[in-house]
Amino acid sequence: MRNIVVLDAPSNLGLRPPAPGTVPGCYKLAGALREQRIVQRLGASEGGVVVPPRYDLGAWQEGDGVFNAAAIARYTRTLADRVERHVRAGDFPLVLGGDCSIQLGASLALRRIGRYGLVSVDGSADFRHEGNSDRIGAAAGEELAIATGRGQDDLAGLEGLRPYLRDEDVRVLGIRDYDEDRAELAELKIPVATVGEIREQGPEEVADGIVRSLRSPELDGYWVHLDADVLDPSVMPAVDSPDDGGLLPAELGPLLRPLVRSPRCAGLNVTVYDPDLDPDGTAAALLTGLVVAAFV
């Protein structure tokens, strides 16, 4: 087993404010999972914290593109520096977010190193871009589109490395059966397994097939992106956009385990769980338990 290094990336820069004058609480995710002793339970090493810039929408308004874009770009490069260092050292970075825009840091880091894939385990595809929406703004709902080169240049073209991910190297698991991005992803030949398809085929079988599909000699490995909203809100209500019809813990566990245990997996990030919406810590305990069980 490689050395797991737990690295905090407590950025909330990619989410809209939950209410006027407030900020998204997902920046507390890492602290909540640490309170559940995730580092000790994994026998992991300490990776420290990548401190994000201040959340400040300023004078942004609809039509201005992605809000907090300059801050996200700066944070993406800084987080990429840390992830790159650990991957090159042979470590397994476990990055505790944060919102989904932190995935850009991992994708940029791996693009610097070589050619890597992404397995996105997420309740939505996060594939909003100017070609399919007139409501661009929140990078946390757009990060897969940005990482595959569909986004404004100051986010999608950092260091001249656009795209960070090729379409054919991306896999999307756990979106709802009615997700509006399914048709576009199919046209782009990005493999998708919805909640219903995972249930029909079996989560472990789906994961094993994904791992096999990413064994291409052209790929140096892949990263796993886990968004807590892939879980049904009956068990994981503490997310910014709860949506019925998600996976249950007994389904997510066997889906996640083969993905992160493969020697081809370069790292994992965990996003979007919001401790402000989980006052008794029940959802934190569940999420921590699922992540720990994937490794041990």
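The values are calculated or read from the model by the stated rules, or taken from the named source; none is laboratory data. Only a predicted model underlies this, so the values are computations on that prediction, with no experimental measurement involved. Every residue, glycine among them, receives a Cβ derived from its backbone with ideal geometry; neighbour counts consider all protein chains shown. Accessible surface is based on the protein model in full, side chains and every heavy atom, while ligands, DNA and RNA are left aside. Shrake-Rupley method; radii C 1.70, N 1.55, O 1.52, S 1.80 Å.
For this structure, a couple of remarks:
- Put simply, the convex hull of the Cα atoms in region 145-296 casts, on average, a shadow of 9.9 nm².
- Simple spin-label estimate for Ala70 and Glu184 in nanometres, 7 Å along Cα-Cβ: 2.8
- Rounded percent of accessible protein surface that carbon and sulfur make up, region 95-211, 1.4 Å probe: 44
- Sorted on the mean count of surrounding Cβ atoms within 10 Å across their residues, most packed first, peptides 152-161, 26-35 read 26-35, 152-161.
- Computing FRET efficiency as 1/(1 + (r/R0)^6) for Thr78 and Arg16, where r is the C-beta to C-beta distance and R0 is 22 Å, gives about 0.45.
- Cα-Cα separations in region 112-160 greater than 19 Å, expressed as whole percent: 27
- The chain, relative contact order [Cα under 8 Å, separation at least 6], %: 22
- In region 15-127, one over the average inverse separation of all distinct C-alpha pairs is 15.8 Å, which is the Kirkwood hydrodynamic radius.
- Kirkwood-based shape ratio for region 1-50, expressed as Rg/Rh from alpha carbons: 1.10
- Across all directions, the average projected area of the convex hull around the alpha carbons of region 209-296 is 6.1 nm².
- Ranked by the mean number of other Cβ atoms within 10 Å of their residues, highest first, the peptides 39-49, 139-149, 218-228 fall in the order 139-149, 218-228, 39-49.
- At the listed q of 0.08, 0.09, 0.13, 0.22 Å⁻¹, the Debye profile of region 44-190, built from one uniform point per Cα, gives log10 I(q)/I(0) equal to -0.21, -0.27, -0.57, -1.52.
- Where the alpha-carbon atoms of the chain are placed on the principal axes, they occupy 47, 43, 40 Å, in descending order.
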